[in-house]
Amino acid sequence: MASKVADKVETDLAVSLLTSSLSSQGDIPKEEENVDPKLARRVKWKLDLTILPLMASVYFFATMGKSDLGNAKIAGLSEELSLTPGVYSNAATLFLVATVVFQLPGTLLIKRIHPNRQFSGAMLTLLALRFLIGGAEAFVQGGVFYLSFWYQYSEYATRGAVVSSMSTIAGAFNGLIAYAIVKDLDGANGWRAWRWIFLIEGIMPIAFAFVVLFFLPSSPQTLKWGFSEAEKKHIIQRSARSHNTDEPEVKLNQIWRVMLDLHFWLFILISCGASFCLSSLSNFLPDIIAGFGYDDVDAQLFTTIVYACGCVGILFFSRVADKTNARGLVLAVSTVGAVIGYAVLIWVKNRDARFAATCLVAFSMFPNTVLQVTWATMCFVGYTRRGSVLAFFNIFPHLFAISGTQAYQDPPYYRIGNAASLAMSIVMLLSSIGLRWYLGYLNKKKKANQMSQQAADMREKSIEEIGDHHPDFFYTI
């Protein structure tokens, strides 16, 4: 009986939190009106100084582990091992295969394994074989899901941007390290530069993994240090307003049910296009720049400029999305630059223009991932449902990423790969607009059926049971 009462209380709380408005992110629920503003600011500040830096560091080192292959390629790897373009593409593909295999458990088991153990363990695996690096990457990708435990919707894209921007910063860092290694260590102790790249960039994640293990809290409910009782209570309330529960149980029947929704597949279509473009860009960027006519040493250095543009794009578009709450529109606008950039790469041969186009692609394409993931987090609720969606975001798209690494086999201009990326960018643009329209249609349909018997029957079920199908939940568009 006590369990049923608790479930009913949880359901009533969830419903009350859901019934704010069509643009619920912009409104403050009644539960927050009595919160001390100083307490709320202090809690957010503390989260930004604890959770955010730790998760950003996890993503930073994980990205180093998967993007150093491109730097090693022009630092003697292909020459010493006699790699053909096809063999190199297969090596890059193997990483993605492992990510697909491990992605679903790596996301849904995050509360069972505990985030500190999961992320630190994944970082320790980064020195293993390439396949195991891909497996470790799958467990790291649960970090975006983990952030949703702590931040409200109006804060989520900006914080997600800080974490996601680590992929571009790590790429730039890789370029700087590779530049220094190729310049000063190539041939030292009988090692070519690519061996030094793998060694130096592999040691750093191991040390930081232990910091994550001991300092990263598992969830708001298990927070033990650094926060007062009043602050802990406020953090749990914040988490509830983002439709999180403390129930870590994975409901298997909900994993596949999410694939029955059209808006899920529209999200996946956008994500697949972005994964195709970003995977090929990360793995082939140094080689692409070298194909512009720069020597291998300068190409390593110029990659940092491209990644810096990507970092600025992530922070800019994510902040705009949080401020305007126009998720679909911002996502569509961010893709326009990629369409222009890939068109230039296909039809223009001027070196400076091609380099500028590459920077434009990075500025436009890197923000796409964080924009779509944070938007999807707002549109799918319930632990299993939301976690499954974020896992599938890294399963289906990685299948396209595999084809992306295979498409870039015609150096130095890579016209086939760039043409495929242009097509993907156009599909992403159209899908973003279509998704925004479709979610608006679902909102209108829910509003029209508010007083129906079907809506009344559905209100008897908890948010964990029916997720965003709840009649009082309205999608952010």
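For this structure, a couple of remarks:
- Residues whose placed amide H lies under 5 Å from that of Val35, excluding near-sequence neighbours: none
- From the alpha carbon centroid of the stretch 298-370 to that of the stretch 193-235 is 30 Å.
- Positive-pole candidate from Pro471, Leu442, Ala456, dipole of the stretch 435-477, charges at beta carbon: Leu442
- Top positive-direction residue, dipole computed over the stretch 302-421 with Cβ charges, set Ala353, Tyr383, Leu399: Tyr383
- As a fraction of the 1.4 Å probe accessible area of the stretch 143-211, surface on carbon and sulfur atoms comes out at 70 percent.
- Solvent-accessible ranking of Asp184, Asp261, Asp457, Asp298, largest area first, probe 1.4 Å: Asp184, Asp457, Asp298, Asp261
- Surface accessible to a 1.4 Å probe, per residue, for the residues of the stretch 260-396, Å²: 28 Å²
- Rounded to the nearest 10 Å², the accessible area of Ile181 at probe 1.4 Å: 10 Å²
- Relative contact order of the stretch 286-422, defined on C-alpha pairs under 8 angstrom at six or more residues apart (%): 31 percent
- Counting only heavy atoms of the protein chains and using a 1.4 Å probe, Trp225 has close to 120 Å² of accessible surface.
- The listed residues Met458, Met428, once ranked by accessible area (1.4 Å probe) with the largest placed first, stand as Met458, Met428.
- In the full protein context, the stretch 165-242 carries 47 Å² of accessible surface per residue, based on a 1.4 Å probe and ignoring ligands, DNA and RNA.
- Of all accessible heavy-atom area on the stretch 415-477, the percent that carbon and sulfur account for (1.4 Å): 63 percent
- Counting only protein heavy atoms and a probe of 1.4 Å, the accessible surface of the stretch 323-364 is 70% carbon and sulfur.
- For the set Arg41, Arg241, Arg195, the ranking by accessible area, highest first and with no ligand, DNA or RNA atoms included, is Arg41, Arg195, Arg241 under a 1.4 Å probe.
- Residue-level accessible surface for Phe145, protein heavy atoms, 1.4 Å, Å²: 0 Å²
- Reducing the stretch 382-419 and the stretch 141-180 to their Cα centroids gives an inter-centroid distance of 18 Å.
The values are calculated or read from the model by the stated rules, or taken from the named source; none is laboratory data. Every value quoted in this text rests on a predicted model; they were computed, and no experiment measured them. Using ideal geometry, Cβ is built from the backbone for each residue, glycine included, and neighbour counts are taken over all protein chains shown. These accessible areas exclude ligands, DNA and RNA; they are computed on the full protein's heavy atoms, side chains included. Shrake-Rupley method; radii C 1.70, N 1.55, O 1.52, S 1.80 Å.
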